[in-house]
Structure formats: structure tokens, C-alpha cells
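First the structure, in the form of C-alpha cells, and then the observations on it.
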Amino acid sequence: MWWPADRAWFVATEIDFEWTFVAGTEDLIDRLAVHPQLEATRTSPDSVANLPDEDA
């Protein structure tokens, strides 16, 4: 987890997931969503983060 002293943004990665969560201002999220070297999808605090189906 990364969380600077000014609390302007937050980054967390769960070892079992294939993704990293980033929280921040709308401007930050907008910029990440269109960055050509990132694969980014918007989510919300009430979204469910599921692990990939191991049977697939």
C-alpha cells in the first residue's frame, strides 16, 4: 500500500488479485484511464472484486 502524507491518493495491491487499486481525484483517475501504457477500468467501493474462476 502507498498512501502519501497529504492523503491525495491511495494505491493497494492484493497478492491474490491480478490488479492494483488506485483511489484519488477524478482528474487522477481520468488520466490513468486514458494512459496508453496502462490497462485501467473504473470501479467503485461497492463493486465486488472477484478472483478468476479456477475451473475455467
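Springs between alpha-carbon pairs under 10 angstrom, Gaussian network model over the chain: which of ASP46, ASP16, ASP30 fluctuates most? Result: ASP46 has the largest fluctuation of those listed. Couplings for segment 21-32, taken from phi via the Karplus curve 6.51 cos²θ - 1.76 cosθ + 1.60 with θ = phi - 60°, read 9, 10, 10, x, 5, 4, 4, 4, 5, 4, 5, 5 Hz in order; Gly and Pro are left as x. Pick the calculated volume of the Cα convex hull per residue in Å³ for this structure from (1) 150; (2) 106; (3) 76? Entry (2).
Since every read-out is calculated from the coordinates, none of them should be taken as a lab result. Just so it is clear, the structure is predicted and the values come from calculations on it, not from any experiment.
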